[in-house]
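Here, each number is a calculation from the coordinates, and none is a lab measurement. Quick caveat, the model's predicted, so the values are computed rather than measured.
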Amino acid sequence: MITWWSWLLMAVGVTGLFLAGRRRALGWAIGLGAQLLWFVYALSTQQYGFVVSAVAYGWVYARNFRAWRTNEGVPNAAADA
């Protein structure tokens, strides 16, 4: 596998985290998409630990997006203190 793949995957992942931190739903979608890319990378390079990692990170991204979307209209209690 070409070495630039890992750099591309890193850039996609960081972009997703950056946008999610700025409260953009697109960030969560990019993060989930990045896990699909990591899955393909893992299979292509026969580094199967990345398959487990991609599934775990994908689950966390989906869970956190759902929680974020559910709590989006709720004021932050820490900000009120």
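Seen against the Cα atoms of the chain and their longest principal axis, helix 25-45 is set at about 20 degrees. Computed from Cα atoms, the angle from the helix 4-21 axis to the main principal axis of the chain rounds to 10 degrees.
Helix 49-71 and the longest principal axis of the C-alpha atoms of the chain enclose an angle of approximately 20°. If you look at the Cα atoms of the stretch 5-68, you get an Rg and a Dmax of 11.5, 35 Å.
Relative contact order of the chain: 22 percent, from C-alpha pairs under 8 Å at least 6 residues apart in sequence.
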